[in-house]
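The values are calculated or read from the model by the stated rules, or taken from the named source; none is laboratory data. In this text the structure is predicted, and so the values were computed from the model without any measurement. As a convention, Cβ positions derive from the backbone with ideal geometry for all residues, glycine included, and neighbour counts pool all protein chains shown. Side chains are part of the model used for accessible areas, which takes the heavy atoms of the whole protein and leaves out ligands, DNA and RNA. Shrake-Rupley method; radii C 1.70, N 1.55, O 1.52, S 1.80 Å.
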Amino acid sequence: MGVPVVLATMAACGSIVTSIKSSWELRRMIKRKQEARECDDEAPYIFRRLRRAYYDGLMSTLEYEQWYEKFLVAKVEKDMTGMRRIRAHLRILENGAPVAPYRRSRGIDQDRRRHSVSYGTSQPYVDFPQERPSLEYHPNGRANVGTRPDQFSRLERQATYSLASSSDTLSRGRSRSTSVGQQFRGQNERRHDSYDSADGSDYYSEKKHYRGRIRKMATVAPPPSKRQKREEIERTQTQQDVAPLLATDLGSFKANFVDSDGNQMADVIEINFADATEKNVSTLLNTLLGRDREDFTPYRFRIHIPGKDVIIDQYPADLLGLLQKHGVTNPFDAEPQAVFKVHAVSRLAHRIPGHGQPILTCQFSPISSSRLATGSGDNTARIWDTDSGTPKHTLKGHIGWVLGVNWRPDGKQLATCSMDKTVRIWDPETGKPFGQELKGHAKWVLGLAWEPYHLWRDGTPRLASASKDGTCRIWVVNTGRTEHVLSGHKGSVSCVRWGGTGMIYTGSHDKSVRVWDAVKGTLVHNFTAHGHWINHIALSSDHALRTAYFDHTQEVPETEEGKREKARERFEKAAKIQGKIAERLVSASDDFTMYLWDPTNNGNKPVARLLGHQNKVNQVQFSPDGTLIASAGWDNHTKLWNARDGKFLKSLRGHVAPVYQCAWSADSRLLVTGSKDCTLKVWNARNGNLAMDLPGHEDEVYAVDWAADGKMVGSGGKDRAVRTWRN
């Protein structure tokens, strides 16, 4: 019986304590609400008094800032104690606290406010008087100046504010005597009227205004002093001693110019280090070769380090130090560059909507950059006028995604392939199909390749198509018949290239690359070095074969024989190595590697294995001059390789998502890449630096191409809009 009674007693006591605590909390909450309500009621009144004290010169600008900030804190925190403290301070000021005149109204308004004291009808002082009036304190708490406090007046730039009554300081009225005073008064009133607005107003806007002003004043550099001005004048009038800046005699070195094939280009010549700039050395080499100034060719010089497998492909800033460090005696390896220069595209020229689904492929016409063809998932291909940014033709006929578009080398026809298992030929001038669709494949057609212009027989072009059915077909375009079916792959044929020597190259998902004789339709080589399927292949002569007889001179031969001969010369120049035509092939795979092949000289043995990517390699491209290879991978990087020996040169880092495609400029100096990160980036191939970042796409960029004339870049992707970029 005792335990329950104790427990009941404890429970009752707990209930009493809880009720007492609840009553305390309720009383405290009610008190806080009352103080908050009282604070809200008191705030406008205190704010007006604070502002009036500042206008009347009873506090300096700095003091006003401090008390105004305290007012804001008290208002936000509903702190009535803080409000009472501010009110007490204002009461002290208004009742006549001795404030030194030099502290009144300082700051940015110092030039606007001038204080003076007037006695009756006497002339007021313009500035502080020499004999300052004394302050007399009375029992009523008011401060009187001299003997007549009711006639005390203050001037603010010819504006006189008179006291309406000496008995009630809070109800003092102000009079304005001049229009200048009215204007100044209005400006100051507008700065603080926001609190008196009907909505209870924004304290922080004024606080931000003052803080911004103070911060601005604190960060402005002070004007130069007289000493600094005098030193600057003396420095500009003194002749600079240029003797230490003149190049000293660093000696000379012997230069032996060797081309990329190892052949000596000119006699060994001695060059002063002081004159050994890249431009001077290039001019010297052209002079040694007997060229006129109009025919000068720019060269890029490389230095091979003896005894090491290292090639410095960028002209060194400290040539003397480099040669001394590595013991190089006879540089240079000289590689000719394009005589024209393509400028990096830097701006969006046109955004052209039209496709209803993502754009999967695009290619410029070999004739000029004014025509761009695109293929899309909306089952159509389109030809665009890039000069005006308008659609030219819509090529309708496919009933599946258009996976590839390819211009004929002379630009007079356009071929498209689709998931509907067909290939179609179009007239780009009219937008109408040429002949019947080419049927024969059992599955999707994934890629196309035109026969090089200089290999045409009887003026009849041929076309190769690669399909998911494991075959590659050669079509006679004029008749629409199949000339050869190249079968043998055990998986999808993902890509196809038609070489300038009459060979067809196919890459497949069966991890092999095969070389075929285009005339006989027979297998020549089978490359099986890759460990995963082939994503892409490229030829060292791709650019020359794609553009046939079109070049930077814009000179087109008049006869067919002349056109064919010029196309052959351009191909041989691009494919020659050490005086022999050696068309090279590079293949990119899902095994993170690439292989460099020379079917003409090495047979089935690869020239080099290109290692470095940390993920799948999506695309690979030779530079137009055939000296560099660019590879785009799923590791977010684009890498540059030496096309002669396959050695790694540079990694272009900047994309933050997989890089889908890349395209070279016609002069081989620039490279553009398109990525999943919705951007294009233009790179300087020589030093690996980012030349231009081109945001603008709203989604992934699937296709990119650089026009053969170098004037424009075209791109398309998941956002379904074609974009053209120019300098």
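Mind checking which residues of region 368-385 are surrounded by 18 or more Cβ atoms within 10 Å (Cβ to Cβ) and hydroxyl-bearing (S, T, Y)? Can you show your working first?
Here is the first cut: in region 368-385, the ones surrounded by 18 or more Cβ atoms within 10 Å (Cβ to Cβ) are 369, 371-384.
Of everything in region 368-385, those that are surrounded by 18 or more Cβ atoms within 10 Å (Cβ to Cβ) and hydroxyl-bearing (S, T, Y) turn out to be S369, T374, S376, T380.
Please state which one of D635, D667, D677, D645 is of a type in the set (D, E) and open to solvent by 40 Å² or more (accessible area, probe 1.4 Å). Show your work before the answer.
Working: D635 fails: open to solvent by 40 Å² or more (accessible area, probe 1.4 Å); D667 fails: open to solvent by 40 Å² or more (accessible area, probe 1.4 Å); D677 fails: open to solvent by 40 Å² or more (accessible area, probe 1.4 Å).
Testing whether each residue is of a type in the set (D, E) and open to solvent by 40 Å² or more (accessible area, probe 1.4 Å) leaves just D645.
Please go through region 544-582 and pick out each residue that is on the phi > 0 side of the Ramachandran plot and modelled with pLDDT of 90 or more. Break it down into steps so the answer makes sense when it comes.
To start, the set of residues in region 544-582 that are on the phi > 0 side of the Ramachandran plot comprises 548, 554, 578-579.
Within region 544-582, A548 is the sole residue that qualifies.
Which pairs turn up if I take residues in region 489-511 that are basic (K, R) and look for partners that are open to solvent by 10 Å² or more (accessible area, probe 1.4 Å) and in a loop (DSSP other than H, G, I, E, B) with beta carbon separation below 7 Å, at least 6 apart in sequence or on another chain?
Qualifying pairs under 7 Å: K490/D510; K511/T528; K511/H530; K511/G531; K511/H532; K511/W533.
If you take the residues of region 529-566 that are more than 41 Å from the chain's Cα centre (by Cα) and touching a residue at least 24 places away in the same chain (Cβ under 8 Å), which of them is nearest to H489 (Cα to Cα)? If you could, list the steps in order and put the result at the bottom.
Going residue by residue through region 529-566, those that are more than 41 Å from the chain's Cα centre (by Cα) are 557-565.
Keeping just the survivors that are touching a residue at least 24 places away in the same chain (Cβ under 8 Å) gives 560, 563-565.
Numbers: E560: 37, K563: 36, R564: 33, E565: 35 Å.
Here the answer is R564.
Each row is one residue, and each column tells you yes or no for (1) open to solvent by less than 20 Å² (accessible area, probe 1.4 Å); (2) in a loop (DSSP other than H, G, I, E, B).
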| position | (1), (2) |
| --- | --- |
| K573 | no, no |
| V586 | yes, no |
| F592 | no, yes |
| T600 | no, no |
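Could you list, ordered by first residue, the pairs with Cβ atoms under 8 Å in which the first is in region 381-403 and over 20 Å from G710 (Cα atoms) and aromatic (F, W, Y) and the second is open to solvent by less than 20 Å² (accessible area, probe 1.4 Å) and assigned to a loop (DSSP other than H, G, I, E, B), at least 6 apart or interchain?
Cβ pairs passing all conditions: W401/G377.
Pairs, please: C-beta under 9 Å, at least 6 apart or cross-chain, first residue farther than 12 Å from D267 by Cα and in region 277-291, second among the small types (G, A, S)?
Final answer for the pair search is V281/A255; V281/A334; S282/A334.
Within region 403-428, count every residue that is not small (G, A, S) and not in a strand (DSSP E or B). Even if it seems obvious, please write down each step before you answer.
Here is the first cut: in region 403-428, the ones not small (G, A, S) are 403, 405-410, 412-414, 416-417, 419-428.
Of the ones still in play, those that are also not in a strand (DSSP E or B) are 408-410, 412-413, 419-421, 427-428.
The number of residues fulfilling the criteria is 10.
Can you find a residue that is in contact with a His (Cβ under 7 Å, 6 or more places away or on another chain) and either of a type in the set (S, T, N, Q) or within 24 Å of P409 (Cα to Cα) (or both) anywhere in region 536-558? Break it down into steps so the answer makes sense when it comes.
Keep residues of region 536-558 that are in contact with a His (Cβ under 7 Å, 6 or more places away or on another chain), which gives none.
The answer is no; no qualifying residue exists.
This table checks each residue for (1) modelled with pLDDT of 70 or more; (2) outside any strand (DSSP E or B); (3) surrounded by fewer than 19 Cβ atoms within 10 Å (Cβ to Cβ).
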| position | (1), (2), (3) |
| --- | --- |
| H304 | no, no, yes |
| Q324 | no, yes, yes |
| H343 | yes, yes, yes |
| P366 | yes, yes, no |
| D387 | yes, yes, yes |
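Got at least one residue in region 519-529 being buried (at least 24 other Cβ atoms within 10 Å of the Cβ) and either in a loop (DSSP other than H, G, I, E, B) or not small (G, A, S) (or both)? Don't jump to the end; show me each part of the working.
Of region 519-529, the ones buried (at least 24 other Cβ atoms within 10 Å of the Cβ) are none.
Within region 519-529, none of the residues are buried (at least 24 other Cβ atoms within 10 Å of the Cβ) and either in a loop (DSSP other than H, G, I, E, B) or not small (G, A, S) (or both).
Against the conditions (1) closer than 28 Å to E437 by Cα; (2) open to solvent by less than 10 Å² (accessible area, probe 1.4 Å); (3) assigned to a helix (DSSP H, G or I), where does A464 fall short? Just the number, please.
Among (1) closer than 28 Å to E437 by Cα; (2) open to solvent by less than 10 Å² (accessible area, probe 1.4 Å); (3) assigned to a helix (DSSP H, G or I), A464 violates only (3).
What residue, among those in region 635-679 that are acidic (D, E) and more than 15 Å from the chain's Cα centre (by Cα), is nearest to W725 (Cα to Cα)?
Of region 635-679, the ones acidic (D, E) are 635, 645, 667, 677.
With the extra rule that they be more than 15 Å from the chain's Cα centre (by Cα), the set shrinks to 635, 645, 667.
Values: D635: 26, D645: 34, D667: 17 Å.
Result: D667.
Just checking: which of the strands (runs of 3 or more DSSP E) contained wholly in region 611-727 hold 3 or more residues that are more than 21 Å from H355 (Cβ to Cβ)?
Numbers: elements: 617-622, 628-633, 637-642, 648-653, 659-664, 670-675, 679-684, 690-695, 701-706, 712-717, 721-726.
Where strands (runs of 3 or more DSSP E) fall fully within region 611-727 and carry at least 3 residues being more than 21 Å from H355 (Cβ to Cβ), they are 617-622, 628-633, 637-642, 648-653, 659-664, 670-675, 679-684, 690-695.
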